[in-house]
Structure formats: C-alpha cells, structure tokens
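Down below is the structure, laid out as structure tokens.
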Amino acid sequence: MTRNLAYASLAVMFFGAATVTPASAAIQIPDCEAIINWAARAYPEDEATLIRNAQPFHSGVWLLSGFKDEHWIPVFGAPFPETTAAEFAKFSTTAEACRRERRSELRGLPNNHPRRATLVAADTYLLRSAVARQQINPQTAAPMLARYKAAYAAYSEAIATRDAQLGALKDLPPTMESFSTLEAMKRDPKLASLGPARAQHIQHLDAAKLYLADAMVMAAAEEMANFPENLDGLRDLIAYRAKARAELSKLKSRRVQDFLNIEAERTDALAAAALPAFVAELQAAPASVEGKATVQAAVNNLFPQQPLPRNIRGYQKAVKKRLTEIDEEIKSVACNTTLAKHGLSDDAVTPLLGPGGESNLGAFVCALTDKGLAFGEYKKPGFFGSTHELVMQIPSGPSLVFELKLVEAIKGRPDMLVGTRMKDPTKTQDLTVTAWQELAAEMTGYTPPGITGEELLPAAQAKLDSTPQGCVTTVYTQSITAFPVALQAGALDRDTIRRFALLGDLSLVNIEEQPSANRSYRNYRYTLTAMAEPYFKGKHGLCFAKLIAEDISDVSKPFTRDGRTYVTGILEVFPELPEFALDPRFAQAVDGPIRNLISAMKTGQAMQSKVAFVRTDAGWEAAD
C-alpha cells in the first residue's frame with residue numbers, strides 16, 4: 001500500500017495527474033497485420049512532412065493522420081483521446097515489434113511486388129513518426145500521449161473552424177468587404193492545427209475569392225445595361241466604367257475579358273445612338289474663341305479613355321465640320337461688323353464679279369481689309385450716273401479709287417459690279433473684265449482652286465482595295481501562307497505554340513494534337529475555322545483589315561514628269577477590323593503592321609502618308 005502511494009506521488013510529480021487515470025479499456029490493440037495496414041493507409045497524408053521534417057508531429061504542433069478518427073477508430077475501436085498511457089505504450093511496443101517482424105518479409109519481396117508498397121509505407125510511417133518504440137512504458141508514454149491528445153484537440157477545433165468557414169462562404173455577398181472577411185479567415189491561427197491540410201483549405205478560400213471577384217466583375221458588367229441609349233446615358237456609362245475599372249483593377253478575376261467585351265459592346269451601342277445629340281451640342285456652341293475651344297475638346301472630354309466606340313470617326317468628323325463652320329461664322333461676323341461700322345450693311349449684298357466668279361461688294365471689301373487696306377468711302381452713282389466708286393486706303397500709303405459699273409459680266413446672270421478703272425494719286429488704269437479679275441485676285445490674295453482631295457479619293461480607295469490589307473504572313477516563326485499547318489513543338493517553337501493557342505482561343509484556328517515519334521515533343525496540326533476562312537488570302541496570309549480613304553489634304557499643283565501630269569497629297573486612312581482584333585489576345589498572337597492598325601482603330605486616329613496620283617484618259621489614278 002505504501003509502495004503504491006509512493007509511486008502515485010512520484011508519477012504526479014513528474015507526469016501530472018493524467019498518469020494515474022484508470023484505464024478505459026476502450027482501446028483494443030489489434031494484431032500486427034492490422035497495425036501494418038493502419039500505418040500504410042495513414043502514410044500518404046503525412047508523407048511529405050515526415051520525409052522533409054517530422055518535428056511538427058513529434059512536438060504535437062500537428063496531428064498525425066493515423067490518430068484521426070477515420071484512420072484510428074476502425075482499427076482500435078474508439079477515438080484516440082480515450083487511449084490511456086498504458087494502452088499507448090502497449091500499442092507502441094507492439095507496432096515496433098510488427099515493423100521489425102515485417103522488415104524481413106520486405107527484404108524478400110521483389111521491387112514490383114504489390115505487397116512491397118504496403119510494407120514500405122508502413123515501415124516508413126512507423127519509423128519516421130516515432131510512434132513505434134521498443135522500450136516504452138506507461139510513464140515514458142504519458143508525456144508523448146499528452147502532446148498527441150493536445151494536437152488531437154487542436155485539430156478538432158481547427159476542423160470545426162474550417163467547416164464553419166466553408167459554411168459561411170455561401171452567404172458572402174460580392175463586395176469588397178467580403179475579401180477582408182476571407183483574408184481574416186485565412187489568418188485564423190486555429191487553422192495551423194490542420195497541418196498539411198491547411199494548404200488545401202487556403203486554396204478553397206482563395207477559390208472563393210476568385211469566385212467573388214468573378215461575380216463582382218460580372219455584376220459591374222451587367223450594370224452597364226441599365227444606361228439609356230442617348231447622350232446622357234453615354235456620359236453616365238463612361239463615368240461609371242472609369243470608376244468600375246478603378247475598383248475592379250484591385251481584383252484578380254477570370255472574367256475581365258468578358259467585362260471588357262460587354263463594356264465595348266455597350267459603349268458602341270450608346271455612342272451610335274448619341275451621335276445626333278452630340279452633333280446638336282456642337283451646333284449650339286457659339287461662334288467665338290470660347291465656343292471653338294469647347295468644340296475642340298468635345299471628343300476628348302466625352303471619351304477620356306479607351307475603349308473608344310467603333311464610330312469614333314463620326315464624332316471626330318462632326319468636330320472638324322463644326323470647327324470649319326465656326327471659322328466661317330467668326331469671319332462672317334467680323335466682316336459684318338466692319339461693314340456695319342462703315343455703313344455698308346445695306347449695300348454689301350450688291351452683286352460683284354470677284355476673282356473666282358460671282359461674289360458681292362461686302363465680301364470684296366472684307367477681303368481687302370483682311371489684306372490690310374482700310375475702308376475709305378463708297379459712293380453710289382447719282383440719278384443719271386452709272387459709276388460706283390470705292391475708296392480704300394493703303395496703310396501708310398495712298399488711297400486707291402475703284403470705279404465700278406453694273407454690267408452683264410456673266411452671260412445669263414444678273415448684272416454685277418465690275419471694275420472699269422483704278423486710280424491712285426499718280427496714275428489711272430483702265431480695266432477690262434479679265435484685267436479686273438486679275439487685279440482683284442492680286443489685291444485680295446485669291447488663289448484659284450486646284451485639284452481637290454474629293455476628286456482624288458476614289459482613286460486612293462481603288463488602290464487600297466486592290467491589295468489585301470492588315471495581313472499576317474507569320475505567327476512568330478511559323479509561316480501561315482497555307483493551311484493546314486503542321487508544327488512540331490520543339491524548344492525553339494514554344495512562343496509559336498503559344499501564339500497559335502491564342503488564335504485557337506479566339507476561334508480562328510482548330511488545334512489538333514497528333515502522335516509524335518519523339519516523346520520529348522508534341523506535334524500539332526492547325527486548321528482554319530469557318531470564322532477565319534474569309535480572311536485567308538493565299539500568299540498574303542490572313543488579312544484582317546479594310547482601309548478607308550477618308551481625306552486627302554495639301555494637294556499640290558499639277559506638275560509634269562516624263563510627259564505625264566501628277567499631283568501629290570497627304571492621304572488619311574482609317575482601318576476597319578473585325579471585333580476579335582480588339583481582343584488583347586489577338587495583338588499578342590500576331591506581329592507586324594497589323595498591330596499599328598489595331599492601335600489606330602482603338603485611338604480613332606487616322607494614319608497619314610504622302611501619295612501621288614497621275615492623270616490618265618480615265619481620270620486620276622494612284623501612281624505606283
């Protein structure tokens with residue numbers, strides 16, 4: 001009795017009260033084969049950590065998978081926490097004896113024997129986890145068992161935390177606050193006790209973040225359908241999409257391209273509907289310096305960032321047209337002010353033969369004042385007279401007197417003023433009709449119109465249409481001037497494979513993997529899809545663009561070379577591309593000038609080049 005009390009006191013001192021807890025008799029120690037199978041089944045879950053560093057298991061930070069209910073209860077008959085120190089000691093010594101006993105069997109088996117895998121897994125598990133020991137008793141087993149039971153309790157709490165988190169995922173709304181919630185879930189210290197299983201749970205939480213990001217991106221995309229198709233709706237859409245992009249840029253989502261496609265589609269639809277109202281706003285801008293500045297900034301203010309609508313050129317043309325009108329209106333207002341100042345408002349509409357044909361007195365006077373002459377006087381003929389007199393003052397110089405008469409200068413047209421004489425203080429010059437027009441041209445700086453850009457545009461467009469445009473003849477190193485294309489994915493062709501894969505994602509090519517004699521490489525066969533076939537132009541490759549000749553400016557005077565008449569000008573061209581060409585994957589898949597066309601289409605900026613035209617019997621043609 002005394003010895004038992006002394007033993008109990010010593011045990012409490014070194015191992016705590018748990019060492020004297022009566023046996024539960026709930027745990028049944030199985031035979032060797034059952035222990036070997038138990039260890040072999042548990043090994044795969046802990047293999048990576050045991051091989052690398054078993055310390056987290058030995059220290060009780062993580063729970064060995066073998067002690068989890070799904071592995072332990074079927075073999076030992078009750079949950080692991082019900083194990084006593086004596087039972088654990090017996091289990092440990094039995095397991096070590098079994099391991100040693102089966103080691104001899106293991107050595108006798110060939111490498112490909114199915115039994116060998118079981119024995120190797122069990123031997124490694126029992127040895128590296130150190131649960132199998134030859135010399136162990138209830139006293140030495142107690143602290144080990146206490147660590148394992150603490151790990152079991154922490155693991156159970158971690159499982160409850162994990163399950164609660166997984167259950168809460170379905171109620172997380174697609175908001176930025178939910179991302180903070182998920183991050184807090186990932187940082188929960190209880191999850192550390194999941195051991196290697198923590199990584200899989202974190203993947204679930206990250207997958208939930210990705211799902212939420214996708215949901216938020218698509219919710220933002222769907223919101224764009226609510227803006228009405230008018231100018232106000234377009235302005236609201238553009239403001240909304242800028243804000244949405246700023247917020248969504250913080251997210252990692254698989255649906256970004258879907259958002260961009262919907263954004264471009266809605267922008268195109270609203271911009272098409274809003275153009276008439278935009279033109280009306282331009283027309284309402286006053287003919288002033290301030291009004292001109294407002295019109296010049298109108299497109300950039302409306303579309304401060306991409307994507308620009310497909311009809312952006314319509315907006316730019318409307319601005320250009322209105323700016324020309326404003327210049328004319330400003331000029332007209334200035335002219336009318338000048339005429340009113342000198343009392344010529346009523347006489348300004350009097351017909352006059354100008355250097356370019358029919359004009360009026362007011363336009364002629366304003367043209368002279370634009371050249372620096374000052375208005376002096378205008379006298380109409382008396383009751384029996386027929387001569388009109390216009391006096392203009394040369395700056396710091398003499399006065400010029402123009403005598404004019406109303407005559408039929410152009411057959412079949414009403415009478416108009418024609419200069420018959422010009423006088424200055426030193427001489428008088430009589431004028432014929434032709435001489436008058438030449439003098440008027442000299443005085444006003446008039447230049448007769450030459451070949452106009454409008455006359456040359458058909459020839460420019462015919463030249464563009466005669467050759468396929470926006471052609472891609474190679475995808476990186478692989479020629480695509482013929483289909484189908486067969487390609488071996490060697491080390492030097494990795495980028496080619498990637499680019500063809502991008503074309504496949506865009507449904508432009510079908511990709512078929514073919515058998516290869518060399519296992520190191522794969523063979524691929526690429527065939528055009530029905531969507532891509534219209535763009536294939538034989539030796540030119542895949543040609544995706546149509547170039548539109550929009551304007552020809554700075555047309556030169558005709559000149560002769562080798563007996564032929566030429567003119568030159570600056571041609572403005574705008575590309576038209578299919579919708580998929582605006583997908584970033586398309587630009588990543590192709591090289592060459594097509595990228596410049598994509599950029600021009602996105603920005604709405606016309607491309608310029610100097611061109612030459614030659615006169616033929618059939619009219620103007622683009623020169624080679």
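Miscellaneous remarks
- In order through region 431-445: 3J(HN,Hα) via Karplus (6.51 cos²θ - 1.76 cosθ + 1.60), integer Hz, x for Gly, Pro: 10, 8, 4, 5, 4, 4, 5, 5, 5, 4, 5, 5, 6, 9, x
- Normalised by residue count, region 23-159 yields a Cα convex hull volume of 102 Å³ per residue.
- A simple rule links phi to the HN-Hα coupling: the Karplus curve 6.51 cos²θ - 1.76 cosθ + 1.60 with θ = phi - 60°, which for region 589-603 gives 8, 10, 10, x, x, 4, 5, 5, 5, 4, 4, 5, 5, 5, 8 Hz, with x for Gly and Pro.
- Taking amide H as placed 1.01 Å from N in the peptide plane, VAL509 has its amide H under 5 Å from the amide H of GLY504, THR529, each at least 5 places away in sequence or on another chain.
- Every helix of 4 or more DSSP H residues in the chain counts as -39500 (n - 2.57), and over all residues that averages to -16500 deg cm²/dmol at 222 nm.
- Loop-resident GluC sites (Glu not before Pro) (DSSP state other than H, G, I, E or B) in region 27-119 with no more than 16 further Cβ atoms inside 10 Å of their Cβ are absent.
- Working from label points 7 Å from Cα in the Cα-to-Cβ sense, the ASN37 to MET607 distance is 7.4 nm.
- Principal axes of region 453-622: Cα extent on each, largest first, Å: 68, 33, 28
- More than 18 Å apart - percent of Cα-Cα pairs taken over region 342-444: 43
- Hypothetical label at GLN200: residues of region 63-107 whose amide nitrogen lies under 16 Å (7 Å Cα-Cβ projection): 63-72
- Each distinct pair of alpha carbons in region 67-128 adds a 1/r term; the inverse of their mean, the Kirkwood radius, is 13.1 Å.
- Filtered trypsin sites (Lys or Arg not before Pro), region 118-222: DSSP coil and at most 12 other beta carbons within 10 Å: LYS170, ARG187
- Pairs with C-alpha atoms separated by more than 25 Å, drawn from the list LYS320/LYS602; LYS317/LYS341; LYS321/LYS411; LYS557/LYS602, are LYS317/LYS341; LYS321/LYS411; LYS557/LYS602.
- Once the chain from LYS252 to SER345 is taken as fully extended at 0.36 nm per residue, the excess over their C-alpha distance is 26.5 nm.
- Aspartates and glutamates with Cα under 13 Å of LYS190, excluding same-chain neighbours fewer than 8 positions away: GLU157, ASP163
- Net charge over other residues, Cβ less than 15 angstrom from the Cβ of ASN226 (K, R count +1; D, E count -1): -3
- Estimated vicinal HN-Hα couplings, Hz - region 95-103 in sequence order (Karplus 6.51, -1.76, 1.60; Gly, Pro = x): 4, 5, 5, 5, 4, 5, 5, 7, 4
- Charge dipole (debye, nearest 20) of the chain; +1 at Cβ of Lys and Arg, -1 at Cβ of Asp and Glu: 2880
- Seen from a random direction on average, the alpha-carbon convex hull of the chain projects onto 52.0 square nanometres.
- Percent of Cα-Cα distances greater than 25 Å, calculated over region 261-393: 49
- Stretching ASP188 away from THR426 to a fully extended chain increases their span by 75.2 nm, per 0.36 nm per residue minus the current alpha-carbon distance.
- Taking 0.36 nm per residue of separation and subtracting the Cα-Cα distance, full extension of the segment from GLU512 to ARG245 would add 92.4 nm.
- Amide H within-cut-off set for ASP551, under 5 Å, with H built and near neighbours excluded: GLU572
- For ASN360, the residues whose amide H sits under 5 Å from its own are LEU352, ignoring neighbours fewer than 5 places away on the same chain, with H placed 1.01 Å from N.
- With a Förster radius of 45 Å applied to the C-beta separation of GLN588 and ALA160, the computed FRET efficiency comes to 0.45.
- Estimated distance in nm for a label pair at LYS371 and GLU325, the labels positioned 7 Å out from Cα along Cα-to-Cβ: 3.1
- Region 154-246: translational diffusion in µm²/s, Stokes-Einstein, Kirkwood Rh over Cα pairs, 10 °C, 1.306 mPa s: 104
- Efficiency of FRET between GLU455 and GLU408 - r from beta-carbon atoms, R0 35 angstrom, step 0.05: 0.65
- Using a Förster distance of 60 Å, the FRET efficiency for ARG115-SER466 (Cβ separation, nearest 0.05): 0.15
- Modelled label positions at SER59 and ARG100, each set 7 Å beyond Cα in the direction of Cβ, lie 3.1 nm from each other.
- Entry note, the chain: relative contact order of 7 percent, from Cα contacts under 8 Å with a spacing of 6+ residues.
- Rg/Rh for region 172-329, where both radii come from Cα atoms and Rh is the Kirkwood radius: 1.23
Rule-based calculations on the coordinates, nothing more; no lab input. Since the model is a prediction, treat every value here as computed from it, not as a measurement. Here Cβ is always computed from backbone atoms with ideal geometry, including for glycine, and neighbour counts include all displayed protein chains.
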